[in-house]
Amino acid sequence: MERENEMRTRTSASVAAVAGLISLPLALTGCSAFGVGDDSDEGGKVTLTFQSLAYQDTTIAATQEIVDAWNADNPDVQVELVQGSWDNVHDQLVTQFQGGTAPDVIHDESADIMGFAEQGYLADLTDLLSDDTKSAVSDDIWGTVTSSDGAIVAAPTLLQSYVVFANTDAFADAGVEVPAGESLSWDDFQALAGQLGGDGGFGLGWGLQQPTAAVMNLSLGFDGTYFEGDAINVAENELAVPERIHAMAYEDGSLDPVSLTQSGSDVLPGFFDGRYPMYVAGNYIAQQITESAPEGFNWAVLPPLAGTAGAVQAANPQTMSVAAESEHVEESAAFIDFFMQAEHQAALAQGDWLIPSSDTARELVAEQTAGENGWDAILASGEGLSAAPFQSAVNYPQWKDQYATPALQQYLADEITVEQLQTQLTDGWNDLG
Amino acid sequence: MTRSMRNPVARPLQYLALLAYMCFLAFPLVFLLTTAFKTDREIRSPDPSFLPRSLNFDNFTAAIERADLFQAAANSLLTAVTTTVIVTAVSLPAAYALVRFRTRLRAVATGWILLSQVFPFILIIIPLFLLLKDIGLVNTLLGLVLVYAVWALPFALWMLQGYVSAIPVELEEASAVDGAGRFKTLVKIVLPLLAPGLVATSLFTFINSWNEFFFALVLIQDPDMQTLPLALARFVGAEGQVQLGPLAAAALIACVPSLVFFMLIQKRLTAGLLSGAVKG
Amino acid sequence: MTALAAPASPRAPKRRKSTEGRDAWLLVLPALLPVMLFSVYPLVYGVLLGFTDAEAGLNAETHFNGFDNYTALAGNELFWNSFKIGLIWAFAVTILQFLASLGLALLLNLDLRLRWLARTLALIPWAMPPVIIAIMWQLMLNPNYGPVNRTLASLGLPSSINWLGESAIALPVVIVVGVWAGMPQTTVTLLAGLQSVPAELNEAAAIDGASTWRRFWHVTLPALRPIITAITTLDLIWNFNSFALVFVLTAGGPGGTTMLPSLFAYNEAFRYGNFGYAAAMGNVMVVLIGAFLILYLRAQMRSRNS
């Protein structure tokens, strides 16, 4: 009996000790080490949170400069810069929108935000952006940030296009002239790959591990629109790009099929060591090429690829939006206007090697870079960027993950026929209904 | 421990097997190590040499500058240590009670433990986030501590139950017969026997808090409060672009504390049971 | 365990039960309370969500829709295909991981030289966030320039294997990476378990002249059993739910051959905004995996008690 009592009190003592330990962090609540309770009260001042996804060091610095300039000019509306990352921004925003804690000003891309726009999470900026901002960007590009009910939900900032990089020394060695001109037709491109390849070598490497975006964007050059409203249409025009890629890999042998299963960066060393005289990738890869190519590596950007409908590609601009639940939508829009000014966009574009969607900023970049390092061809490829129907098809993201990407991967690995590809793409969409 | 002494062939074979394991487990670290000292050009070189051509610390300075690594490490450390202390303090008595006092609680606890681990974590993130927001813990490390503790508790309880079960109950009873109270029995007999299990469990809690990424991403906005995995994510860009050199350097810096912590604590994985507890 | 404990107990069983029941509550409550607060609510919320049509959207309305999600799910071939991949992945990784870790734990338990170093190195995969692991393995497995193919080439073996890009081998390769990533945890757990096996048991058996193998089989393994059960159960659950590693390594490709169910549910919730439907997938996973686990745990308990 005695022993039991003792045991019980001891147990209670240990329980109390444990309980004390648990309350420890709660007691620390006041302690700022845990970040609790240091809410800053700035007395009448408005503070906007701006989450930027700037990635290259130069772009991060340029973004910081723009924010600093704004903060100096606007003592009453301060912008706080928060750094996010492209890799996770979508998941982060989904959760933060649910909780109502999203940043005021949101940096993202058109392909990602249009779903949020339809869900009502983005503020309508149609009447808030200035005329200067609006007139600097073509209507075609505005189309990529306009929701189905006609509201502009973002300002389009920078664009990327798919371009062909060429190892000019390899061209010279093969006795092939580096093409020039307004555009490069797919037929000529394929012929070029054949000339440069041969003898078991390849003419071209193309990292298409995630093939859907590239195929959809480039298909616009053949009028391959894939969608009419919410109905899918996969016919000759839509299949032109995948068929040509497939033919280069498995009929001509000019495109390394292994590269098709890799990411763009994985293929890059093969471009550097001459394994691939040509390399297709997003134009921003130019930055990596200038920074990490071996000494004495000579390269160029070929004219934009043109299909039967011309050198057209779907535009997927980076965007600046405002959260619908932000308490300071107007101030945020004013900041975006400031952010969209030509000199700011030109600085950002050069940091990331992307194409400004603003015409004035584009001219500025042409002037500042003097077209060096492939900038002339890169900027030229920006001329043909426009909105595409797939961007407004509601179930597109799901179709892309569940049907288009696996089917294209299988087709590009020569595991299914083009007819099967066509069926899988069509039936998949109809299954989603 | 005496078993292998008898067989002269066994020892070299054991070293050989251990070496094979080490190659498999540590090779990527060696790869990371060499990458961290290479220049961008060397990394992208089509003919990469295994060792860097020269020791180049640019990646480390770049990593530290760009991502504010030390602040992030301090935040991670504070979060992980607090979580570990809480989880260990709470789960040890609970696990013991669940095993030794066979109440209905055990079935309930087991059911809950399994449910909480089977239901995809990614799907409870949103309700959890809403809950933390309601009590004002968004953008705080305390919020992270709570989430990590709650997430690690089921594991700790579950594993510690396993370790408690493995201790022969006769040992405790012998001690009780000798007149020791339950508390004394716990401290003198059970705790030393559980030490390796406690080490394993707290290590797990520590490292999982240290590595957790997604919830931190969602909860923490303030740059001064970011944890290490968030800092590392800075080196990954869109469409598979990676700043490999700085990333490798940062990853190396990030995993050193875990390894040092383990190096210090690994002895405890043997300390438990060398003296004969039975005779106690 | 009861079989052992009850007859040896010096106290009357009845009284013991009631007071100990209270002690149990006192000991367990501090753990359960915060847990109730912070995990039961989100879990219950998540489970209930599986019976609604919840969708992402500002001010979106949510209604209970009974079993609609489940009838839809029953006909969702892609989900079941991914479920099958998840089972293959989870069982393969868990079993291989267990065997490899047991071997390593036994080695690390021996009194070998540089044991402290080996023990620390064995922890390496654990010390890195999954995202880093995935990026690193991608580089290592690069078909043209990765060290893996280069090593094979220098050994004169086939060296142009496209590890992550070929649908026939992508899943096995991802499984190997999964084993690598999860080994430290299982190893440390088993090592700690080995240390808890009372040395006396082994010594007694050794004095009886039992061979190393017989001692392992008849003494060590049975003593380790509760820990083996605990860790394999958890490993299986975690592997079935594992997410970050495969997400970065292959994102479900090529051709959907590595689309784990958690990836699938994640896409449904986070990319398409169908929270209700995704939670229903979570519920299905809980029910099916839970049923398997109960059977497994029952069998383990029974053989332990007999």
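Read-outs: derived from the displayed coordinates by stated rules, not from any lab. Fair warning: this is a prediction, and the values are worked out from it, not measured in the lab. In this analysis, Cβ positions are derived from the backbone assuming ideal geometry, glycine residues included, and neighbour counts consider all displayed protein chains.
Using the structure shown, list the pairs from B:K184/B:K267; B:K133/B:K267; B:K267/C:K84 with a Cα-Cα distance above 30 Å, or answer none.
Distance filter (> 30 Å) returns B:K133/B:K267; B:K267/C:K84.
Sort the range A:54-101 into rounded, prolate or oblate with this rule: let a ≥ b ≥ c be the square roots of the eigenvalues of the Cα gyration tensor; rounded if a/c is under 1.5, and if a/c is not under 1.5, prolate when a/b is larger than b/c, oblate otherwise.
oblate
Looking at the square roots a ≥ b ≥ c of the eigenvalues of the Cα gyration tensor of chain C, which shape do they give, rounded for a/c under 1.5, prolate if a/b is larger than b/c, or oblate?
oblate
Applying 1/(1 + (r/R0)^6) with R0 = 25 Å to the Cβ-Cβ distance of A:D68 and B:F70, what FRET efficiency is obtained, to the nearest 0.05?
0.55
For A:K45, list the aspartates and glutamates whose Cα falls under 13 Å from its own Cα; do not include residues on the same chain fewer than 8 positions away.
A:D76, A:E80, A:E327, A:E331
Within 10 Å of each Cβ of C:97-108, how many other protein chain Cβ atoms are there on average?
Going residue by residue through C:97-108 and averaging, the value is 2.
In the range C:96-252, with Lys and Arg counted as +1 and Asp and Glu as -1 at Cβ, which of these residues, C:L249, C:A192, C:T229, has the Cα nearest the positive end of the dipole, that is, farthest along it?
Farthest along the dipole direction, towards plus: C:L249.
Rounding to the nearest 20 debye, state how big the charge dipole of the range C:78-305 is about its Cα centre with +1 on each Lys and Arg Cβ and -1 on each Asp and Glu Cβ.
Its charge dipole is roughly 160 debye.
Loop sites only, by DSSP: take the chymotrypsin sites (Phe, Trp or Tyr not before Pro) in chain B that have at most 14 other C-beta atoms within 10 Å and name the longest stretch containing none of them.
B:58-280
If you count the DSSP beta bridges with both ends in chain A, what percent of them are antiparallel, to the nearest 5?
Approximately 60 percent, going by the DSSP bridge assignments.
Per residue and in cubic angstrom, what volume does the convex hull of the Cα atoms of the range A:345-398 have?
It comes to 100 Å³ per residue, whole-number rounded.
Per residue of C:226-236, count partner chain C-beta atoms within 10 Å of its C-beta, then hand back the mean as an integer.
5
If you restrict to DSSP beta bridges whose two residues both lie in the protein assembly as shown, what percentage is antiparallel, to the nearest 5?
Counting DSSP beta bridges with both partners in the protein assembly as shown, the antiparallel share is about 60 percent.
What helices in chain B pass both tests, a Cα length along the helix axis of 15 Å or more and a mean Kyte hydropathy of 0.0 or higher, using whole DSSP H runs?
Membrane-span-like by this rule: B:10-36, B:69-100, B:105-118, B:121-134, B:141-166, B:191-211, B:244-265.
Quick check: Cα centre of the range A:328-373 to Cα centre of the range A:188-241, how many Å?
Computed from Cα coordinates, the inter-centre distance equals 30 Å.
Report the relative contact order of the range C:78-305, percent, no decimals, based on alpha-carbon pairs under 8 angstrom and at least 6 residues apart.
Here the relative contact order equals 29 percent.
Among the complete DSSP H segments of chain C, which ones combine at least 27 Å of alpha-carbon extent along their axis with a mean Kyte-Doolittle hydropathy of -0.5 or more?
C:13-35, C:77-109, C:167-196, C:221-241, C:275-305
Using only atoms on other chains, find how many Cβ atoms lie within 10 Å of each Cβ of peptide B:135-146 and report the average.
The mean count of partner-chain Cβ atoms within 10 Å per residue comes to 5.
Which residue fluctuates the most in chain B, going by a Gaussian network model with Cα springs under 10 Å, if the choices are B:L193, B:L18, B:L131?
Highest fluctuation of the listed residues: B:L18.
Would you mind working out the magnitude of the charge dipole of chain B relative to its Cα centre, with +1 at each Lys and Arg C-beta and -1 at each Asp and Glu C-beta, to the nearest 20 Debye?
Roughly 1140 debye for chain B.
Which of A:T405, A:N237, A:V329 sits farthest toward the positive end of the charge dipole of chain A, with +1 on the Cβ of Lys and Arg and -1 on the Cβ of Asp and Glu?
A:T405
Among the trypsin sites (Lys or Arg not before Pro) within the range C:94-178, which fall in a DSSP loop and have no more than 13 other Cβ atoms within 10 Å of their own Cβ?
Counting only loop positions with at most 13 other Cβ atoms within 10 Å, the trypsin sites (Lys or Arg not before Pro) in the range C:94-178 are C:R113.
Only Cα pairs within less than 10 Å get springs; with that Gaussian network setup on chain A, which residue of A:E383, A:E372, A:E243 has the largest fluctuation?
Largest GNM mean-square fluctuation: A:E372.
Where the eigenvalues come from the Cα gyration tensor of the range B:69-271, what are the semi-axes √(5λ) of the equivalent ellipsoid, largest first, in whole Å?
Listed largest to smallest, the semi-axes of the range B:69-271 are 36, 21, 14 Å.
Considering the options B:L51, B:F204, B:C255, tell which one lies farthest towards the positive end of the dipole of chain B, charges being +1 on Lys and Arg and -1 on Asp and Glu at the Cβ, about the Cα centre.
B:F204
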